[in-house]
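Coordinate-derived values only; no laboratory data. None of the values given here were measured: they were computed from a predicted structure. Every residue, glycine among them, receives a Cβ derived from its backbone with ideal geometry; neighbour counts consider all protein chains shown.
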């Protein structure tokens with residue numbers, strides 16, 4: 001998670017100067033659906049989804 005946060009923070013000065021700046025984060029369906037077998041993985045993916053939407 002912190003790798004994603006650090007990457008976005010490093011890119012923000014350049015994105016703010018750009019007329020077409022965009023952030024694309026890849027996640028998986030585990031961030032949206034409940035999967036009891038992989039709850040830590042799903043929690044991490046949900047955190048990335050929510051972070052990038054914010």
- Note on the structure: Among [x] 1.03; [y] 1.32; [z] 2.16, the entry matching Cα Rg over 2.2 N^0.38 Å as calculated here is [y]
- Measuring from the longest principal axis of the C-alpha atoms of the chain, the long axis of helix 39-53 (C-alpha) lies at a number of degrees, nearest 10, equal to 30
- Rounded to the nearest 10 degrees, the helix 2-17 long axis (Cα) sits at an angle to the longest Cα principal axis of the chain of 30
- Task: Let me have the 222 nm mean residue ellipticity of the chain computed from DSSP H runs of 4+ only, each contributing -39500 (n - 2.57), with the sum over all residues rounded to the nearest 500.
- Result: -19000 deg cm²/dmol
- Task: Compute the FRET efficiency between residue 32 and residue 6 as 1/(1 + (r/R0)^6), taking r as their Cβ-Cβ distance and R0 = 22 Å, and round to the nearest 0.05.
- Result: 0.35
- Most mobile listed residue (42, 31, 21) in the chain, GNM with C-alpha springs under 10 Å: 21
- Task: Starting with the highest mean, order 6-13, 43-50 by the number of other Cβ atoms within 10 Å, averaged over the residues of each peptide.
- Result: 43-50, 6-13
- Query: If contacts are Cα pairs under 8 angstrom and at least 6 residues apart, what is the relative contact order of the chain in percent?
  - Reply: 34
